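Written out below as structure tokens is the structure these notes cover.
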Amino acid sequence: MSTANNVRVRFAPSPTGALHIGGVRTALFNWLFARHYHGKFILRIEDTDQTRSTGESIKIIVDGMKWLGLDWDEGPFRQTARMDIYRAYIDRLIKGGKAYYCYCTPDELEIRRKEALKAGKPPKYDRKCRALSAPVPGRIPAVRFLSTDEGQTIVRDLIRGAVTFENQQLDDLIIQRSDGFPTYNFAVVVDDVTMKISHVIRGDDHLNNTPRQIQLYQALGYDPPEFAHLPMILGADKTKLSKRHGATAVTEYIDLGYLPEALVNYLARLGWSHGDQEIFSSQELIENFSLDTVGKAPSVFNPEKLLWLNHYYIQQADHGRLAALVLDLLRKDGVVKTEPDIEWFKKLIAMLTERSHTLVEMKTGALPFIIDEITIDEKAKAKHLTADVAPLLRELADRLKPIEPFSHEEVEKVFTSLVNEKGIKLGKLAQPVRVALTGGTVSPGIFEVIAVMGKDKVIRRIVAAANLI
RNA sequence: GGUCCCAUCGUCUAGCGGCCUAGGACGCUGGCCUCUCACGCCGGAGACACGGGUUCGAUUCCCGUUGGGACCA
């Protein structure tokens, strides 16, 4: 498939809630495939389930895709806008004798299913309505596809290889419900046909649907596309990833302070690999992506590795970009009273990146530099702001006042001489100062902190801390 | 229960018959660095599910068992 420039793939989520990790991985692989082969990537919203689909969810999907950088070439198409098309294809099947009306109610079906089961027969539809010559009065029918009984349907999957299904296992599936809406398996086939999809790349959970879809393609008179079924993403307990496994929605990762490139990189490496390489830019992903190197086994989602990647990408990120992102978070928290000077804020960001795994951590680290009044952690105070350090802090404040420029190097000189004169270790002075300035015991290097925080704030806080003792 | 799929360190994976005393990454862990916490650097523990074949030789091919998953009900 090296010259397949007519590649057309799609991502077809149902707008019934969040855009979750599994969906993103499917979207990503489709996108990579399309970009690798210079084909088209189509976004299609499968919203025929009217009871569960919402406009809000469509927005979440669209926004999520944009955030991730997964741009599409056509769409978003909505199935609800295509009802006429489905009806036309239904009619075609009925007229061709390949589909028939079914008047059975769910209750009736359930009873017969149980009877069949009791009699030791497979619980497939008994085709009762196929022989009907006239409509059943007072009932609105569904439409069933007349499936093939004999032989086998072979799914030639690009990832799985040939998967064989016995046709007698497949029963006459409903293609149009009595409410007039097409069912999933039918709509997806009509959509993929009319949108000229060349490769259907989707989750493993659809593999069992594929033989009946192939039969529909054949009944409609079309060649099926290529199929590629991606292995599932599992939670730590090895069941299909879901909400109970923790954060699974894209929006949650945005809120948690993740960068899109970290999520993309992580998800790309879940089920796909390229030798020993772990870090991939989007461009490298596009260049190297191939269905040949997609694994068959399901993979467990590992949040810690994602966190590691996020840390990596924060180190790589442009400070101006990070500054804007972190500032946004601070504004949302309502702690930004006066807009900080952006060049100064970038210095703060530069100091914070190394020890931050998420933007939220950066925000927390930036807080003492932004707000006017800090609250000092009680434990930290008890341990480091002891009676003997009060004079030490006052002495330090006095010596810092005349320092110009108020730089890392100059400040360090003051500390060094003070520490030497008193014959104490640097830590004995640095930790109390750290508590005085940030309210806690954890921060970047103390000289950096002091230089970035600025003389006024530093001296004010050191004196305030001394007065607290 | 039926159908289908899958099987290398705890996790993601490399491996497509000999290069494997099984490599990398996350995590874990020992040490170094050090003003705290991190980062970083150096080292360590840690896997081919099991049983049969095929072959001169199996992690790699085939079959079975076991285990896990998905779909349908």
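Quick rundown of the values:
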| read-out | value |
| --- | --- |
| Principal-axis tilt of helix A:106-118 within chain A, Cα atoms, nearest 10 degrees | 80 |
| Fewest-first sequence of A:SER133, A:SER281, A:SER198 by Cβ atoms within 10 Å of each Cβ | A:SER133, A:SER281, A:SER198 |
| Mean Cα-pair separation over length for the stretch A:3-51, i.e. relative contact order, pairs under 8 Å, 6 or more apart, % | 56 |
| Scaled radius of gyration (Cα, divided by 2.2 N^0.38 Å) that the stretch A:263-343 gives | 1.49 |
| Helix A:389-400 axis, angle to chain A major axis (alpha carbon atoms, nearest 10°) | 90 |
| Isolated Cys in chain A, by beta carbon distance under 4.7 Å | A:CYS104 |
| Among A:ILE174, A:THR105, A:LEU207 the positive-end extreme of the charge dipole of the stretch A:99-249 (Cβ point charges) | A:THR105 |
| Area projected by the alpha carbon convex hull of the stretch A:25-152, averaged over all directions, nm² | 12.5 |
| Mean separation of Cα contacts under 8 Å, 6 or more apart, over the residue count of the stretch A:87-194: relative contact order % | 25 |
| Residue (of A:PRO432, A:VAL463, A:SER443) at the positive-pole extreme of the stretch A:369-469, dipole from beta-carbon charges | A:PRO432 |
| Relative contact order (%) - the stretch A:38-111, alpha-carbon pairs under 8 angstrom, separation at least six | 39 |
| q = 0.09, 0.11 Å⁻¹, chain A: log10 I(q)/I(0) [Debye, one scatterer per Cα] | -0.74, -0.94 |
| Principal-axis tilt of helix A:210-220 within chain A, Cα atoms, nearest 10 degrees | 50 |
| Percent breakdown of C-alpha pair distances by 5 Å bin, ordered from the shortest bin, for the stretch A:129-240 | 2, 10, 18, 20, 18, 13, 9, 5, 3, 1, 0 |
| Proximal charge balance of A:VAL463 [Cβ under 13 Å; K/R count +1, D/E count -1] | +4 |
| 30 Å Cα-Cα threshold exceeded, pairs from A:LYS40/A:LYS332; A:LYS95/A:LYS240; A:LYS305/A:LYS363; A:LYS305/A:LYS383; A:LYS118/A:LYS296; A:LYS381/A:LYS413 | A:LYS40/A:LYS332; A:LYS95/A:LYS240; A:LYS305/A:LYS383; A:LYS118/A:LYS296 |
| Principal axis dimensions, largest first and in whole angstrom, of the stretch A:316-469 by Cα | 44, 32, 27 |
| Partners for A:LYS422 among aspartates and glutamates (Cα-Cα distance below 14 Å; same-chain residues under 8 apart left out) | A:ASP388, A:GLU395 |
| Dipole moment magnitude, nearest 20 debye, chain A about Cα centre, only Lys, Arg, Asp, Glu C-beta charged | 1100 |
| Rg/Rg_ref, the stretch A:138-189, where Rg_ref = 2.2 N^0.38 Å and atoms are Cα | 1.43 |
| Sorted by Cβ density within 10 Å, fewest first, the residues A:VAL294, A:VAL326, A:VAL449 | A:VAL294, A:VAL449, A:VAL326 |
| Farthest toward positive dipole pole in the stretch A:1-155 [+1 Lys/Arg, -1 Asp/Glu at C-beta], among A:GLY64, A:VAL24, A:MET83 | A:MET83 |
| Theoretical ellipticity at 222 nm over chain A - DSSP helices of four or more residues, -39500 (n - 2.57) apiece, nearest 500 | -14500 deg cm²/dmol |
| Sum of side-chain charges, A:GLY235 neighbourhood, beta-carbon under 13 Å (Lys, Arg +1; Asp, Glu -1) | +3 |
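Readers should treat all values here as calculations from the given coordinates under stated rules, not as data from a laboratory. Only a predicted model underlies this, so the values are computations on that prediction, with no experimental measurement involved. Cβ coordinates were reconstructed from backbone atoms using ideal geometry, including for glycine residues, and neighbour counts include every protein chain displayed.
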